[in-house]
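K.L.:
Encoded as C-alpha cells, here's the structure I'll be asking about.
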Amino acid sequence: MKLFVYAFLILLLVPFSQAFSAETIDKPPTLNVSLINETYVYRDSEGYTIVVGLVENNNPLTPVTNVRLQVNFFDDLDPTPLEVIQGYTTLEVIPSNGKSPYSIRSQTPNPNITQASVSLLGFDSSVAKQKGLRVYSTDVSFDTTLRLSGVLQNGGAPNSDTNVYLAFYDAFEPPRILQVSTIELGHVDSNSEISFNFNENVDSRAVGVYLFAESDIFVSDSVNVKIPHSQIPTKLVTISNVSVEDSNGEKLSELKVGSTVNIKSETLIEFASEQADETAYTYYVQIKKTSDNRDSPGIIEYIGKYDGRFIGDGLETQIVDWIPQQQGLFYIETFVWDRNNIPIAEQGPIALIIVN
C-alpha cells in the first residue's frame, strides 16, 4: 500500500540571524507522517546550508519508509528558490509512533542563501525492522571537540549497511536537533560487537546526543547520552532577577490576557582578560504554559529576543515585551547567546507567572 502526502509545506523561512524557529504546525488528524515544528538551519564550515529537523510517524500500527522531503533555499529578495533539494530521513524505516531526524544540505556553498522551507512529499508503508542491534556509549567528553566512544552489539543474523547515528540536541524544550552525524560500520557478523569512536566539532549549544543504529534488516533503540556539564566551557555571563513588570516598572505576580508586560532580567558580565572588551549578544525569553501532566515539558507560548552589546564588564538590564494570549500558569526561561549562536550564560532562574 502506498501512502502519499502532497505539497504539505510547513515550516520555516528562518532567517540565519535567528538562532531558532518555533512555528506551530497544523497536523490534520488523517496525516500519518508529519514534520515536527522545531527545525534548525545553519551553515557548515564549507559554506553549505544545512536544514535539520524531525519527522514523526503518527500511525500506531504501521512503520513507514521512503519518507521524501523537499527543501527550498531562498535569498532575502526573490520568492523563487535559489535551489530545490530532495532528501530522505536518517532512518530508512520509521517505526510506528516513532521519529527520525533528517539532515539535508544545499547543493552548493551559496552565500546568498538566507532562508529555507521544508515540505513533506510522500512516504510508503513498510514492514518493521527487528531490534537486533544494541548501541551504547563507553566514554564521552567535550571541550573543543566532542569525543565519544561506544559499542554496537549485533545479537542476530549477519547484516550489512550498518550505520551508527548521533543526533545532537540543545537545552530547549522540546529539544531541537542541531546536527546529525553518521559512523559507517558496513557489514556486521552475527553475535558480534564493534567498537566505534567519534571525535569532531559539534554545535557548542549541544547538551546531549541521541545515539542509535540501523542496518539493512535491524534497528536499535535510541540511547540518550548527556554531554558532561562540567566539561562545557565556562560561561561569561550570569542571568539574575528575572521579573515581570508593567509599563510603570511595577513588578507583577498576576497578569491579564491581552495586557502588555515587560520581561526584565539583569546580566552580570565577567569577562576574562583575554576576552574582547565588546561582545554582541542576543538575549532570549521562552515562555511555556504548564501542563497537567507532570512528565510534560510544557507548551511553548512565546519566544522573544533582545539584541545588545556587552561593553566591558558589570551589570546590564534586558527587557522583552510580551502580550499573554491565554489564561493559565506560565514559567519563563531566559538564555544569552553570542552572535555566533554560542551560549555565554547558563540558563537564567525560572520565573512563574499567573495569567487570568
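K.L.:
Do we find a residue being over 30 Å from Glu92 (Cα atoms) and surrounded by fewer than 15 Cβ atoms within 10 Å (Cβ to Cβ) anywhere in region 190-207? Let's see the steps before the verdict.
P.N.:
Pass one, region 190-207, residues over 30 Å from Glu92 (Cα atoms): none.
No, there is no match, as no residue in region 190-207 is over 30 Å from Glu92 (Cα atoms) and surrounded by fewer than 15 Cβ atoms within 10 Å (Cβ to Cβ).
K.L.:
Out of (1) surrounded by 13 or more Cβ atoms within 10 Å (Cβ to Cβ); (2) in contact with a Ser or Thr (Cβ under 9 Å, 6 or more places away or on another chain); (3) within 30 Å of Gly258 (Cβ to Cβ), what's the single condition that is false for Phe310?
P.N.:
(3)
K.L.:
Condition first: open to solvent by 10 Å² or more (accessible area, probe 1.4 Å), in contact with a Lys or Arg (Cβ under 9 Å, 6 or more places away or on another chain) and closer than 28 Å to Asp203 by Cβ. Now tell me which residues in region 320-344 satisfy that.
P.N.:
Tyr331, Glu333, Trp337, Asn341, Ile342, Pro343, Ile344
K.L.:
Examine region 89-106 for a residue that is among the polar types (S, T, N, Q), more than 16 Å from Ser34 (Cβ to Cβ) and free of Cβ contacts under 8 Å to residues at least 40 places away in the same chain, and state whether such a residue exists.
P.N.:
Within region 89-106, none of the residues are among the polar types (S, T, N, Q), more than 16 Å from Ser34 (Cβ to Cβ) and free of Cβ contacts under 8 Å to residues at least 40 places away in the same chain.
K.L.:
Conditions first: (1) assigned to a strand (DSSP E or B); (2) over 12 Å from Ser265 (Cα atoms); (3) at pLDDT 90 or above. Arg309 passes all but one, so which condition is the exception?
P.N.:
For Arg309, the failing item is (3).
K.L.:
Then there is this: Residue by residue through region 326-356, note down the ones that are within 15 Å of Tyr281 (Cβ to Cβ) and assigned to a strand (DSSP E or B).
P.N.:
Matches in region 326-356: Thr334, Phe335, Val336, Trp337, Asp338, Pro343, Ala345.
K.L.:
Specify which of the listed residues (Glu173, Glu184) is surrounded by fewer than 20 Cβ atoms within 10 Å (Cβ to Cβ), assigned to a loop (DSSP other than H, G, I, E, B) and either acidic (Asp, Glu) or free of Cβ contacts under 8 Å to residues at least 24 places away in the same chain (or both).
P.N.:
Details: Glu184 fails: assigned to a loop (DSSP other than H, G, I, E, B).
So the residue among Glu173, Glu184 that is surrounded by fewer than 20 Cβ atoms within 10 Å (Cβ to Cβ), assigned to a loop (DSSP other than H, G, I, E, B) and either acidic (Asp, Glu) or free of Cβ contacts under 8 Å to residues at least 24 places away in the same chain (or both) is Glu173.
K.L.:
If you check Gly87, Gly53, Gly47, which single one turns out to be under 23 Å from Ala167 (Cα atoms) and buried (at least 18 other Cβ atoms within 10 Å of the Cβ)?
P.N.:
Values: Gly87 fails: buried (at least 18 other Cβ atoms within 10 Å of the Cβ); Gly47 fails: buried (at least 18 other Cβ atoms within 10 Å of the Cβ).
Result: Gly53 is the single residue among Gly87, Gly53, Gly47 that is under 23 Å from Ala167 (Cα atoms) and buried (at least 18 other Cβ atoms within 10 Å of the Cβ).
K.L.:
Across region 112-154, what is the total count of residues that are more than 23 Å from the chain's Cα centre (by Cα) and outside any strand (DSSP E or B)?
P.N.:
Residues flagged as more than 23 Å from the chain's Cα centre (by Cα) and outside any strand (DSSP E or B) within region 112-154 amount to 7.
The values are calculated or read from the model by the stated rules, or taken from the named source; none is laboratory data. The structure presented is a predicted model; accordingly, all values stated were derived computationally and were not measured. Every residue, glycine among them, receives a Cβ derived from its backbone with ideal geometry; neighbour counts consider all protein chains shown. Keep in mind that these areas ignore ligands, DNA and RNA; they rest on the heavy atoms of the full protein, side chains included. Shrake-Rupley method; radii C 1.70, N 1.55, O 1.52, S 1.80 Å.
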